[in-house]
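The values are calculated or read from the model by the stated rules, or taken from the named source; none is laboratory data. From a predicted model like this one, the values you see are computed outputs, not experimental measurements. Cβ placement follows ideal geometry from the backbone for every residue including glycine, while neighbour counts extend to all protein chains displayed. All accessible areas refer to the heavy atoms of the entire protein, side chains included, with ligands and DNA or RNA removed. Shrake-Rupley method; radii C 1.70, N 1.55, O 1.52, S 1.80 Å.
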Amino acid sequence: MSFSTHFTHAITRRPAASITKGLRAVDIGTPDLGLMQAHHDAYIATLRETGATVIELPPLDAYPDSVFVEDTALCLPQGAIIMRPGAPSRLGEAAEMAPHLRALYGQVLEITGPESFVEGGDILVTEREILVGRSARTNAAGIAELARLTAPLGHKLREVHTPPGVLHFKTDCSLLDAETVLSTTRLSASGCFQGYRLIDIPDSEEAAANTIRFNDLVLMPQGFPKTRDRLLAAGYDIREIGNSECAKLDGGMSCLSLRFTPK
Ligand code: CIR
């Protein structure tokens, strides 16, 4: 069973009322908390549909973006690593996540360098390596520190680039199975997925690139019929989840959970 797509657990955090103040690259409207909560409930129910245990943490009003838990940690089969988010307003979210991972994992490490910044959204874990995209949130010092922490756990790390103007590396790609990556062509054009089977995101559906393979399902945002049809044709079992409110804050399927099998 592949450790990069099969998980017994997920952690999520309920959106807080302060979500209206969440970070966004471009203001396309204020997210509606009620609708976001409904989408979040559907997301959690879908994770549970696969038989996984989902731990739902309470909202954190002090951190408007705290629903996007993925950015706070990297969960590997051998242990978890607490991140240092590059967005100043999000730095404290990592410490809020740490005790929950310590309760579940035997080994929890931390990125600690004062100049080191890494957000989980920039990290794609595949069966053979960890890809980390340098971005406005993830810097060289952070990637170097992460490489030092993951090497003894038996993982190879490769630095790649998040396209300019794109929030995170995984904003533009997802792992669909041990061999297959779904990616925008603006990202895959860099050649970073050589050796993987690639499924291209159809033109004008770039916002569908952030999906998650979670056990037997692929969760994708609602409203991208060309991508949905391409994934169905490739044989994936798809669930479409409303993402209109998270999308206003540049968030998608992967951002909303930490997915792991504790050890
Ligand atoms: C932010 O700008 O940090 C949030 N509004 C969105 C974070 C999305 N997280 C992710 O892609 N992993």
Handout entry: Local electrostatic count at residue 210 - Lys and Arg +1, Asp and Glu -1, tallied over other residues with Cβ under 11 Å
Key = -3
Completion exercise
Given a 1.4 Å probe, the accessible area of region 1-123 per residue, as a whole number of Å², is 40
Exercise for the section: Among DSSP beta bridges whose residues both lie in the chain, state the antiparallel percentage, nearest 5. Expected result: 45
Practice task
Round to a whole angstrom and tell me the spacing of the C-alpha centers of region 210-246 and region 34-88.
Solution key: 18
Problem - residue 28-residue 45 pseudo-label distance in nm [points 7 Å out on the Cα-to-Cβ vector] - result: 2.6
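Ranking request for peptides 27-40, 7-20: highest mean number of other beta-carbon atoms within 10 Å first, then the rest in descending order.
7-20, 27-40
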Practice task
Any aspartates and glutamates with Cα under 19 Å of the residue 263 Cα? List them, leaving off those in the same chain fewer than 8 positions away.
Solution key: 70, 110, 127
Problem - By average C-beta atoms within 10 angstrom, highest first, the peptides 249-258, 92-101, 59-68 - result: 249-258, 59-68, 92-101
Completion exercise
Candidate cut points under chymotrypsin sites (Phe, Trp or Tyr not before Pro) in region 167-263, DSSP loop plus at most 10 other Cβ atoms within 10 Å of their own Cβ, are none
Practice task
Just grab the label-to-label distance for residue 115 and residue 103, each label 7 Å out from Cα along the Cβ direction, in nm (one decimal).
Solution key: 3.7
Practice task
Take the Cα atoms of the chain, build their convex hull, and give its volume per residue in Å³.
Solution key: 113
Exercise for the section: Roll a 1.4 Å probe over the protein chains and send me the accessible area per residue for region 168-263 in Å². Expected result: 37
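Which value, in debye to the nearest 20, describes the size of the charge dipole of the chain about its Cα centre when Lys and Arg Cβ atoms bear +1, Asp and Glu Cβ atoms bear -1, and nothing else is charged? Please list the in-between numbers first.
Values: 25 positive and 32 negative charges, 89 e Å.
In total the dipole reaches around 420 debye.
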Completion exercise
The farthest towards the positive end of the charge dipole of the chain, of the residues 146, 121, 164, given +1 on Cβ of Lys and Arg and -1 on Cβ of Asp and Glu, is 146
Problem - Assigned charges on the beta-carbon of Lys, Arg, Asp, Glu; region 140-212 dipole about Cα centre (debye) - result: 340
Completion exercise
Protection proxy (average C-beta count within 10 Å per residue), highest first, orders 73-79, 125-131 as 73-79, 125-131
Exercise for the section: Could you check how much of the accessible area of the chain is carbon and sulfur, as a whole percent, using a 1.4 Å probe? Expected result: 54
